[in-house]
Amino acid sequence: MNWQTIFRAGTHTDSQGRQQTFTAGDIDRIVASYDPAKREAPLCFGHPKDNAPAYGWVESLRRVGNDLQAKFKDVPENVRQIVSAGRYKYKSASFFADGSLRHVALLGAAPPAIAGLGPVQFGEGQEYFEYQFQEETMTVEELQKQLEEERGLRAAAETKAATADAEAKRVEAEFSAQQKEQQKKDRGAKFDALVKDSRVQPGDKDKVLEFAKALGDSGQEISFSATEGKKDLETHFWDFMASRPQHGLFSEFSAPAQDKAVEIGNLTNHV
């Protein structure tokens, strides 16, 4: 269990009708006087007599503003759950006449059935004072308004996150498309350079570019020698294509050299 407010500074009337005013200084003295090693205050349901069981123990006390808060230990899990769920908005702190904490009681319902809880002695015979404390609760309208505000904030946060995610995906897709377009242009320029240098024929363009793209998309890198280091497969491919021998097709089909013109009158000499 987390820290629980069990008492608050102010003017209170105890279970016997006696009125007493507690200041923040009085709360500090209650905190300072609590020593579990000497007298450990139990957590219980209702205001039990000598042999009623303890459902946990007050481990320590502290003051937060005007509130006296207790931290508990050895509390069964089902007791933790019902207290954390706000099932017990009424608590009662019982103090000995010297101001030390006697016990903390949860009020408003029957205790859960838990086997194996030992008895606890409250030191009956000593004078003590019991003060009921009610946690501040919201009205149904206030709770509804708070829930609506929380839902609105959560919906706004989810919308903002979805918008940011969609924008990030859009930017990423746009950048990827730009990269692919630039890679396509670079491959085309490399192929044109090979054609100009008589390393490939124009008709091979589609095959060469598709093969280069497949190698580039693989993302693999290899090294053919220790001196040149690793390169991606597409770079190796373009280097290889640039190192191929020139095919010489353009020179073979170039226009033949012109023979000297033969005069028509001398054609008979050539027959």
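The values are calculated or read from the model by the stated rules, or taken from the named source; none is laboratory data. On a predicted model such as this, the values are computed, not experimentally measured, just so you know. Please note: Cβ atoms are built from the backbone with ideal geometry, for glycine as well, and neighbour counts cover all protein chains shown.
Conditions tested, residue by residue: (1) touching a strand residue (DSSP E or B) at 6+ places or on another chain (Cβ under 7 Å); (2) surrounded by 15 or more Cβ atoms within 10 Å (Cβ to Cβ); (3) not in a helix (DSSP H, G or I).
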residue: Phe191; (1), (2), (3): no, yes, no
residue: Val200; (1), (2), (3): no, yes, yes
residue: Ala212; (1), (2), (3): no, yes, no
residue: Leu215; (1), (2), (3): no, yes, no
residue: Thr227; (1), (2), (3): no, no, yes
residue: Thr235; (1), (2), (3): no, no, no
residue: Ala242; (1), (2), (3): no, no, no
| Any residue at all in segment 133-142 that is surrounded by 10 or more Cβ atoms within 10 Å (Cβ to Cβ), modelled with pLDDT under 85 and among the acidic types (Asp, Glu)? | yes
| Within the set of pairs 6+ apart or on separate chains, which have a first residue in segment 65-77 that is farther than 15 Å from Ala54 by Cβ, a second that is β-branched (Val, Ile, Thr) and loosely packed, with under 14 Cβ neighbours inside 10 Å, and C-beta atoms under 9 Å apart? | Asn66/Thr23
| query | Among (1) at pLDDT below 85; (2) out of contact with any strand residue (DSSP E or B) (no Cβ under 8 Å at 6 or more places or on another chain); (3) assigned to a loop (DSSP other than H, G, I, E, B), which single condition is Gln81 missing? | reply | (3)
| Among the residues of segment 1-31, which ones are hydrophobic (A, V, I, L, M, F, W, C), within 38 Å of the chain's Cα centre (by Cα) and outside any loop (DSSP other than H, G, I, E, B)? | Ile6, Phe7
| task | Check segment 51-59 and report whether any residue there is modelled with pLDDT of 85 or more, assigned to a loop (DSSP other than H, G, I, E, B) and touching a Gly at 6+ places or on another chain (Cβ under 9 Å). | result | no
| Subset tally (residues that are touching an Asp or Glu at 6+ places or on another chain (Cβ under 6 Å) and modelled with pLDDT under 90) for segment 166-214 | 0
| task | Give the residue, chosen from Arg39, Arg63, that is under 20 Å from Gln4 (Cβ atoms), modelled with pLDDT of 70 or more and surrounded by fewer than 17 Cβ atoms within 10 Å (Cβ to Cβ). | result | Arg39
